[in-house]
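Below is one structure; the comments refer to it alone.
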């Protein structure tokens, strides 16, 4: 094992919500999931944890028919958009592409920095990238437990950045 000091790390977090009335702050909104993005050393990781489905009660009481059909299974709706943001995020965080696109009733909040606890000890038995991804997933899972009460699904992308 070896210590790696002075690591360059940034973790961004964005909540996904459906707002039933954008004009009234007191109107109900529904938490759908989170996007997380990390830049650690020369590794870029982008992940999401999304609710599996909305309840029938939520859909019939609060969602207009068009959104109810689209968002019944938030995972299915956001999966392709997540992949698209990852593919096209060439000059900055992928989260920014999603928050630019979804800023109305369906809201992907602008990314905010979050503390990302990195392991200071590197185990030579595991590749550096895999440890970063494991730490990222662990942290994202801890954040989602505070945000969502519903079960969620997870997807993650990773790439090495040019040094």
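The values are calculated or read from the model by the stated rules, or taken from the named source; none is laboratory data. These figures come from a predicted structure and were not determined experimentally. Every residue, glycine as well, gets a Cβ built from its backbone with ideal geometry; the counts of neighbours run over all protein chains shown.
Some values worked out for this structure:
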read-out: Condition check for residue 29: modelled with pLDDT under 90, farther than 17 Å from residue 109 by Cβ and surrounded by 15 or more Cβ atoms within 10 Å (Cβ to Cβ); value: no
read-out: Qualifying residue in segment 102-113 (condition: over 21 Å from residue 133 (Cα atoms) and without any contact (Cβ under 8 Å) to a residue 40 or more places away in the chain); value: yes
read-out: Selection from segment 1-24 of residues that are modelled with pLDDT of 85 or more and assigned to a strand (DSSP E or B); value: 12, 13, 14, 15, 16, 17, 18, 19
read-out: Those residues of segment 94-109 which are in a loop (DSSP other than H, G, I, E, B) and in contact with a helix residue (DSSP H, G or I) (Cβ under 9 Å, 6 or more places away or on another chain), in sequence order; value: 102, 105, 109
read-out: Count of residues meeting criterion [touching a helix residue (DSSP H, G or I) at 6+ places or on another chain (Cβ under 7 Å) and either free of Cβ contacts under 8 Å to residues at least 24 places away in the same chain or not in a loop (DSSP other than H, G, I, E, B) (or both)] in segment 25-52; value: 18
read-out: Residues within segment 79-88 that are surrounded by 17 or more Cβ atoms within 10 Å (Cβ to Cβ) and without any contact (Cβ under 8 Å) to a residue 40 or more places away in the chain, tallied; value: 1
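Results for (1) touching a strand residue (DSSP E or B) at 6+ places or on another chain (Cβ under 6 Å); (2) modelled with pLDDT of 90 or more; (3) surrounded by 11 or more Cβ atoms within 10 Å (Cβ to Cβ), shown as yes or no for each residue.
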position: 67; (1), (2), (3): no, no, yes
position: 72; (1), (2), (3): no, yes, yes
position: 77; (1), (2), (3): no, yes, yes
position: 90; (1), (2), (3): no, no, no
position: 99; (1), (2), (3): yes, yes, yes
position: 105; (1), (2), (3): yes, yes, yes
position: 114; (1), (2), (3): yes, no, yes
position: 125; (1), (2), (3): no, no, no
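To keep it simple, each residue is scored yes or no on (1) in a helix (DSSP H, G or I); (2) in contact with a helix residue (DSSP H, G or I) (Cβ under 8 Å, 6 or more places away or on another chain).
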| site | (1), (2) |
| --- | --- |
| 54 | no, yes |
| 60 | yes, yes |
| 83 | yes, no |
| 86 | yes, yes |
| 92 | no, no |
